[in-house]
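Below: one structure, written as structure tokens.
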Amino acid sequence: MDNNHNDNSINDFDYRLICEYFSSVDRQGPGSDEATLRALSFIPGLTAASHVADLGCGAGSSALLLARTLGCRVTALDLFPDFLDRLRTRADALGLSPRLTTVEASMDSLPFADDAFDAIWSEGAIYNVGFARGLRLWRRHIRPGGFLAVTDATWLTASRPAAIADFWNDAYLQIGTMASNLQALVDAGYTPVAAFVLPDSCWRDNFYLPQRKVQQAFLDRHPGNATAAGLVDCQRREADMYEAYHSYYGYVFYIARKC
Ligand code: SAH
């Protein structure tokens, strides 16, 4: 889910429609269970007694996987209740509700105690507060020696065509390179442990394809609604940009230890 506030195709930015659209797919950003598990493999010491937060959890694909894999408590936070409703329904179906706490709040003002978590997880969401800012804001809530695992859109090459640079500058001003993001981790008081680029399938198969399957039904539910049409146009354009320019950018999983 990208933050295309500046895209003229969405004049009236309607969060209700955006939530409805994205609630009908399992993932609101690129990712996969395999990538979540790979990130987890770099983090030693998490057990059923651990407590993990998933910030900007959306409909909760990573929160559910973490709760299932680790058997631990997971606190999943998102700004939008529609996503949290969807997550609770999914958790009920999987028998994971006893381990899951949902919190409706903003990630820039976390309602948690210092040192509350053994790890903070966040896939495809830190852009909402900015990478470097999020690292600093969240650090106090990780216990000493605990871990952070986040994905963020990242430039993968030293230079890039203007068309894709302009697109991302409109969508997300603070997109960094892997080097600048690793430096931001160090500057914010973390030791980077691993970083890896998510494979294309995380975007194509798990993010854009599920959207393509629900777009027509969404448009049919909102006939003549320019905002709904604009939202679908915007997501289709983003998918087209990915097809054309994916060698220049991707999501990178950053795993780091609080030092
Ligand atoms: N982690 C999920 C969702 C990623 S999309 C996944 O990978 O599928 C980004 C999420 O951030 C959305 O669910 C959106 O509702 C949430 N979000 C946006 N701004 C937020 C804020 N200020 N605080 C908390 N969540 C926010």
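Observations, loosely collected:
- Normalised by 2.2 N^0.38 Å, with N the number of residues, the alpha-carbon radius of gyration of segment 29-106 equals 1.02.
- Contact order relative to length of segment 140-222, as percent, for alpha carbon pairs under 8 angstrom and 6 or more apart: 20
- Most mobile listed residue (Gln216, Gln235, Gln174) in the chain, GNM with C-alpha springs under 10 Å: Gln216
- When segment 1-145 is described by a simple charge dipole with +1 on each Lys and Arg Cβ and -1 on each Asp and Glu Cβ, the residue from Leu46, Gly60, Ala93 located farthest towards its positive end is Leu46.
- The apolar share of the surface of segment 3-258, taken as the fraction of accessible area on carbon and sulfur atoms (1.4 Å probe, ligands and nucleic acids excluded), comes to 50 percent.
- Accessible surface area normalised per residue over the chain is 42 Å², counting heavy atoms of protein chains with a 1.4 Å rolling probe.
- In percent, rounded to a whole number, the relative contact order of the chain is 26, using alpha-carbon pairs under 8 Å and six or more apart.
- Per residue, the chain reaches -12500 deg cm²/dmol at 222 nm when only DSSP H runs of four or more residues are counted, each adding -39500 (n - 2.57).
- Rounded to the nearest whole Hz, the Karplus-based 3J(HN,Hα) values (6.51 cos²θ - 1.76 cosθ + 1.60, θ = phi - 60°) of segment 202-216 follow the sequence 4, 8, 5, 7, 9, 10, 7, 4, x, 5, 4, 6, 10, 5, 5, with x at glycine and proline.
- Global size of the chain: 17.7, 54 Å for Rg and Dmax (C-alpha atoms, Rg to one decimal, Dmax whole).
- Equivalent ellipsoid of segment 66-170: semi-axes from √(5λ) of the C-alpha gyration tensor, largest first, are 29, 18, 14 Å.
The values are calculated or read from the model by the stated rules, or taken from the named source; none is laboratory data. No experiment lies behind these values; they were computed from the predicted model shown. Glycine gets a Cβ as well: all are built from the backbone with ideal geometry, and neighbour counts include every protein chain shown. Just so you know, the surface numbers come from the protein's heavy atoms only, side chains and all, with ligands and any DNA or RNA stripped out. Shrake-Rupley method; radii C 1.70, N 1.55, O 1.52, S 1.80 Å.
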